[in-house]
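Visitor: One structure, as structure tokens, below. Some questions next.
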Amino acid sequence: MSHETIIAPSVLSADFSRLGDEVEAVARAGADWIHLDVMDGHFVPNITFGPPVIKAIRSRTDKIFDCHLMIAPADPYLAAFADAGCDIITVHAEAGPHLDRSLQAIRNLGRKAGVSLNPSTPESVIEYVLDRLDLILLMTVNPGFGGQAFIPAVVEKVKRIKALIGSRPIDIEIDGGVTPDTAPLVAAAGANVLVAGSAVFKGGTEAAYRDNIAAIRHAADKAGPRKRTASIKRKETA
Ligand code: DX5
Ligand code: ZN
């Protein structure tokens, strides 16, 4: 992929009765990564799916599986998500007391390690784990549901995270309320990976997904010249 901005559709907004077909459709429509929202009804007030479902759709595409764990605790399940075929495994900083340990565990499983921050969580929590990170996922909604409104205060946090990262090869991913209207705000602030659920899957057809992805990508890419740090590739296809 030569695009500057990586688009990661969240299957949370897909038709779950046809999940494998939806993954194939959104991949053909231009998705760079597939974003998988795992919720436990405890850390967040919603329940989605786990490793068996991810394993079942793994054969449908060779795109990067970008797994966003909204579960607490996360550590007991990291190996299962790695075995299911997740390439990136992201834990929430708020989900456990031992973030450094969780990130080490993910890398020891041979996967890329991500940390996610809720909108109210300050960027300082990642200061001492920067060298264990491949990706930082900044929530621009309170996690749990698709289709919520983008929280603009997080744009300032994107800028601060960008400064904290310095020259390290860490992706900055944004999740929640991403649309062609909000994408430029975070892209200009330094984000290079955009998750979008409802804004990608609206319309319900592959043709609609293609238009929706292109609209978000175009809006982000024209937001201005930025230094790209996107570094994550699938081992199997490299
Ligand atoms: C929210 C999830 C998001 C969600 C985004 O907890 O982490 O990935 O699916 O949905 P939209 O793009 O509709 O805000
Ligand atoms: Zn997510």
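Visitor: With all distinct Cα pairs included, what does the Kirkwood hydrodynamic radius of the chain come out to in Å, to one decimal, could you say? Intermediate values should be presented prior to the final figure.
Guide: On the way: mean 1/r = 0.0575 Å⁻¹.
About 17.4 Å, per the Kirkwood formula over Cα pairs.
Visitor: Counting every Cα pair in region 130-234, what percent are over 17 Å apart? Show your work: numbers first, answer last.
Guide: Numbers: 2855 of 5460 pairs.
For region 130-234, the fraction of Cα-Cα distances above 17 Å is 52 percent.
Visitor: Please work out how much length the chain gains when fully extended from I47 to D100, using 0.36 nm per residue of separation minus the C-alpha to C-alpha distance, in nm with one decimal.
Guide: On the way: separation 53, 0.36 × 53 = 19.08 nm, distance 2.60 nm.
Full extension of this stretch gives 16.5 nm more.
Visitor: As an exercise, use a Förster radius of 30 Å and the Cβ-Cβ distance of D181 and D15 to find the FRET efficiency, rounded to the nearest 0.05.
Guide: Numbers: r = 25 Å, r/R0 = 0.83.
It comes to 0.75.
Visitor: May I pose another question? For region 6-223, what % of the accessible area comes from carbon and sulfur atoms, probe 1.4 Å? Spell out each step's value before the answer.
Guide: Numbers: 4460 of 8440 Å².
The C+S portion of the solvent-accessible surface of region 6-223 is 53 percent.
Visitor: What is the Cα centroid distance between region 1-80 and region 137-183, reported in whole angstrom?
Guide: 18 Å
Visitor: Could you list the square roots of 5 times each eigenvalue of the Cα gyration tensor of region 1-61, that is, the equivalent ellipsoid semi-axes, sorted largest first and rounded to whole Å?
Guide: On the way: eigenvalues 96, 42, 19 Å².
Values for region 1-61, descending: 22, 14, 10 Å.
Visitor: Could you calculate the contour length gain from N142 to K55, that is, 0.36 nm times the residue separation minus the distance between their Cα atoms, to one decimal place in nm?
Guide: 28.6 nm
Visitor: Using 0.36 nm per residue of separation minus the Cα-Cα distance, give me the extension gain between D75 and H218 in nm, one decimal.
Guide: Details: separation 143, 0.36 × 143 = 51.48 nm, distance 3.73 nm.
Between D75 and H218, full extension yields 47.7 nm more.
Visitor: Sticking with this structure for a sec: Check the chain and count each lysine pair with an alpha-carbon distance under 23 angstrom, considering only pairs eight or more places apart or from different chains.
Guide: Pairs that pass both the separation and distance tests number 22.
Visitor: What residues from region 126-144 fall in the zone where the backbone N is under 12 Å from a label point 7 Å along the Cα-to-C-beta line of R107?
Guide: In region 126-144, the label zone of R107 (backbone N under 12 Å from the point 7 Å along Cα→Cβ) covers 129-135.
Visitor: Here's a follow-up. In debye, nearest 20: dipole of the chain around its Cα centre with unit charges on the Cβ of K, R (+) and D, E (-)? Intermediate results must be reported in sequence, preceding the final value.
Guide: Values: 26 positive and 28 negative charges, 116 e Å.
Roughly 560 debye for the chain.
Visitor: For region 6-223, what relative contact order do you get, as a whole percent, if you take Cα pairs closer than 8 Å and at least 6 residues apart? Mind showing how you got there, number by number?
Guide: Working: 451 pairs, mean separation 42.5, N = 218.
So the answer I get is 20 percent.
Visitor: Taking the Cα centre of region 129-225 as origin, work out the dipole magnitude from +1 charges on Lys and Arg Cβ and -1 charges on Asp and Glu Cβ, in debye rounded to 20. Each step should come with its number before you reach the end.
Guide: On the way: 10 positive and 10 negative charges, 45 e Å.
For region 129-225, the charge dipole is close to 220 debye.
Visitor: For the chain, what is the calculated [θ] at 222 nm in deg cm²/dmol (nearest 500), taking -39500 (n - 2.57) for each run of four or more DSSP H residues and dividing by its residue count? Provide the component values of the computation, followed by the final result.
Guide: On the way: 8 runs with 73 residues, N = 238.
Mean residue ellipticity, 222 nm, calculated: -8500 deg cm²/dmol.
The values are calculated or read from the model by the stated rules, or taken from the named source; none is laboratory data. Predicted model, so just to flag it, every value in this text is computed and none were measured. Neighbour counts run over all protein chains shown; Cβ positions are idealised from the backbone, glycine included. Surface areas here come from the heavy atoms of the whole protein model, side chains and all, with no ligands, DNA or RNA. Shrake-Rupley method; radii C 1.70, N 1.55, O 1.52, S 1.80 Å.
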